[in-house]
Amino acid sequence: MSNYMRDTGMMYIGGITLALGIERNGLHKRIALRLMLLIGVSPWRILLGVMATTFVCSCWIVGSTAVTAMMIPIATGLVDSFPTNLDEEIRNKERLYKLYLLAVGYSANIGRTAVIIGSVPNLIFKDIMELYGNRYSAIN
């Protein structure tokens, strides 16, 4: 059983559980509202804020997959809140959806490389180095 209950697996399960708790309590919506208050309501400023929030959450709180799943409803909700009056603005809104979703994905991906708990491959690499690291070290 010890092979299945390693630190890696428990860290991953804990991260997913934490992400579900954040989403269930609506903390991700509070983060988005606080972001709009701090940064402003310009679509470009909000984009920067969404990217920064996704990056920070992916680094510190939970893994990148869970952060992306939390931030996608925030990003789409923010784009929905932008006013549209003309057909041209509706086309621009479709482009903004694509832009915001790509921004969330890329910033979570960048954030996951910053820390060991950011993604499952990082945790697996840590386990492999703990198991076999002494065999392949340069200092013998």
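Determine, for 34, 112, the number of other Cβ atoms within 10 Å of each Cβ, and report the residues in order from fewest to most. List each step's numbers first, then the result.
Details: 34 12, 112 23.
Listed from fewest to most nearby Cβ atoms, that is 34, 112.
Hey, quick one: spin label on residue 27, modelled 7 Å out along Cα-Cβ, who in region 41-66 has an amide N within reach, i.e. under 16 Å?
What the label zone holds, given the 16 Å backbone N cut-off, is 53-66.
At 0.36 nm per residue, and after removing the present C-alpha to C-alpha distance, how many nm does the segment from residue 130 to residue 109 gain when stretched out fully? Walk me through the numbers on the way to the answer.
On the way: separation 21, 0.36 × 21 = 7.56 nm, distance 2.46 nm.
In short, 5.1 nm is gained.
Bear in mind these aren't lab numbers, they're just calculated from the coordinates by the rules spelled out. Being a predicted model, the structure only gives us computed values, none of them experimental. Heads up, the Cβs are rebuilt from the backbone with ideal geometry, glycines too, and the neighbour counts pull from every protein chain shown.
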